[in-house]
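*Asks:* Below you will find the structure I want to go over with you.
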Amino acid sequence: MKYLRAFFIAAAMYSRLPVPNVRWDEESKAMVLFFFPLLGVIEGGLLYGIARFLLLGRVSAPLSAFLMTAAPLLFTGGIHFDGFLDTVDALGSWKGKAEKLAILKDVHAGSAAVLQGVLLLLSMFASWETVFSSGAAVRLLPQVLCGFLLSRALSALSIFVLPNARGAGTVYDFTAEKQRRRGRGLSLLYLLLGSGLLVLTGTRQTGLVILTAVLAAALYSACRARFSFGGMTGDLAGFLLTNCEAAAVFAAACISCLNSL
């Protein structure tokens with residue numbers, strides 16, 4: 001039951017899946033991030049079903065792109081996108097580490113968050129529109145959607161590898177010291193699984209391009225978190241996850257453009 005409770009807690013925290021309300025005991029909380037990448041599998045499966053429905057219905061590329069951009073936000077309730085907005089606000093302040101951490105907790109959105117949030121959503125929309133309009137959606141979808149597993153595996157791995165920047169908060173509660181080694185191992189296992197699926201569900205060249213883009217986005221995000229904030233927090237993990245998902249879709253769009261030349 002403790003494993004099932006941990007999954008329900010993860011689903012309640014990081015998605016809008018209709019799961020039972022369970023007791024948050026210390027043992028279950030320490031295993032929440034072990035199940036976090038599984039939400040990427042569920043989200044990817046739902047998005048694949050939506051995309052196939054749109055393709056079968058011959059829905060226009062712009063409308064399909066809008067729905068594919070909005071669906072992940074509806075699935076997660078925007079929790080990771082909120083972390084992205086808080087992070088770019090803090091980074092845009094050009095203040096010291098303590099001030100940046102304070103901005104992460106501020107519920108108000110600054111100009112940097114609004115500007116970069118809009119740009120990110122526009123880039124996601126444009127990337128999906130390119131994939132659908134090029135006729136490559138059927139071929140690329142399985143590989144693109146592997147990015148939702150990879151993004152969560154890398155987000156969880158960064159939390160278990162890097163120090164906690166604040167020493168408090170929900171993510172701190174989810175990363176008990178005795179579970180960190182196990183968490184790193186499971187996150188790496190998820191990462192290997194996602195990488196294998198990425199290569200096996202399409203051409204090797206396309207898979208490697210998308211994988212490289214996702215890993216580069218994760219490395220960039222982790223480095224910004226480490227050097228600007230001193231480690232990870234829940235918002236910074238959302239920043240990393242959002243960048244990884246955007247990188248996967250953008251890489252697919254670039255491949256679509258190159259194939260149409």
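*Asks:* Just to be sure I understand, how many residues within segment 58-93 are of a type in the set (Ser, Thr, Tyr), farther than 23 Å from residue 17 by Cα and open to solvent by less than 20 Å² (accessible area, probe 1.4 Å)? Quick ask: steps written out before the conclusion?
*Replies:* Within segment 58-93, the first condition is being of a type in the set (Ser, Thr, Tyr), and the residues that meet it are 60, 64, 69, 76, 87, 93.
Retained after the next criterion (residues that are farther than 23 Å from residue 17 by Cα): 60, 87, 93.
Now narrow it down to the ones that are open to solvent by less than 20 Å² (accessible area, probe 1.4 Å): 87.
Total satisfying the criteria: 1.
*Asks:* Another question about this same structure. Out of all the residues in segment 184-209, which are open to solvent by less than 60 Å² (accessible area, probe 1.4 Å) and within 17 Å of residue 155 (Cβ to Cβ)?
*Replies:* Passing the criteria: 185, 186, 187, 190, 191, 194, 195, 198.
*Asks:* Oh, and also: Yes or no: residue 98 in contact (Cβ under 8 Å) with a residue 60 or more places away in the chain and of a type in the set (A, V, I, L, M)?
*Replies:* Numbers: in contact (Cβ under 8 Å) with a residue 60 or more places away in the chain: no; of a type in the set (A, V, I, L, M): yes.
Against the criterion (in contact (Cβ under 8 Å) with a residue 60 or more places away in the chain and of a type in the set (A, V, I, L, M)), residue 98 does not qualify.
Listed here are the residues, each with its yes/no results for (1) within 16 Å of the chain's Cα centre (by Cα); (2) under 30 Å from residue 135 (Cα atoms); (3) touching a residue at least 24 places away in the same chain (Cβ under 8 Å).
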{"site": "5", "(1), (2), (3)": "no, no, no"}
{"site": "18", "(1), (2), (3)": "no, no, no"}
{"site": "40", "(1), (2), (3)": "yes, yes, yes"}
{"site": "61", "(1), (2), (3)": "no, yes, yes"}
{"site": "68", "(1), (2), (3)": "yes, yes, yes"}
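*Asks:* For the condition on the phi > 0 side of the Ramachandran plot, of a type outside the set (Phe, Trp, Tyr) and modelled with pLDDT under 90, what is the one hit in 135, 110, 183?
*Replies:* Numbers: 110 fails: on the phi > 0 side of the Ramachandran plot; 183 fails: on the phi > 0 side of the Ramachandran plot.
Checking each option against the conditions leaves just 135.
*Asks:* Further, regarding this structure: Just the residues that are of a type in the set (Gly, Ala, Ser), open to solvent by 50 Å² or more (accessible area, probe 1.4 Å) and part of a helix (DSSP H, G or I), please, taken from segment 109-125. Explain how you work it out, then say what you get.
*Replies:* First, pick out the residues of segment 109-125 that are of a type in the set (Gly, Ala, Ser): 109-113, 117, 123.
Now narrow it down to the ones that are open to solvent by 50 Å² or more (accessible area, probe 1.4 Å): 109, 111.
Correct list: 111 only.
*Asks:* Return the total of residues in segment 94-108 being among the small types (Gly, Ala, Ser) and either assigned to a helix (DSSP H, G or I) or crowded, with 21+ Cβ neighbours inside 10 Å (or both). Explain how you work it out, then say what you get.
*Replies:* Of all residues in segment 94-108, those among the small types (Gly, Ala, Ser) come to 96, 98, 102.
Now narrow it down to the ones that are either assigned to a helix (DSSP H, G or I) or crowded, with 21+ Cβ neighbours inside 10 Å (or both): 98, 102.
Final tally of qualifying residues: 2.
*Asks:* Is one or more of the residues making up segment 18-33 modelled with pLDDT of 85 or more and buried (at least 17 other Cβ atoms within 10 Å of the Cβ)?
*Replies:* There is no residue in segment 18-33 that is modelled with pLDDT of 85 or more and buried (at least 17 other Cβ atoms within 10 Å of the Cβ).
The values are calculated or read from the model by the stated rules, or taken from the named source; none is laboratory data. The structure displayed is predicted, hence computed values, not measured ones. Cβ atoms come from the backbone with ideal geometry, glycine included; neighbour counts cover every protein chain shown. Protein only, heavy atoms only, side chains kept; ligands, DNA and RNA dropped before computing areas. Shrake-Rupley method; radii C 1.70, N 1.55, O 1.52, S 1.80 Å.
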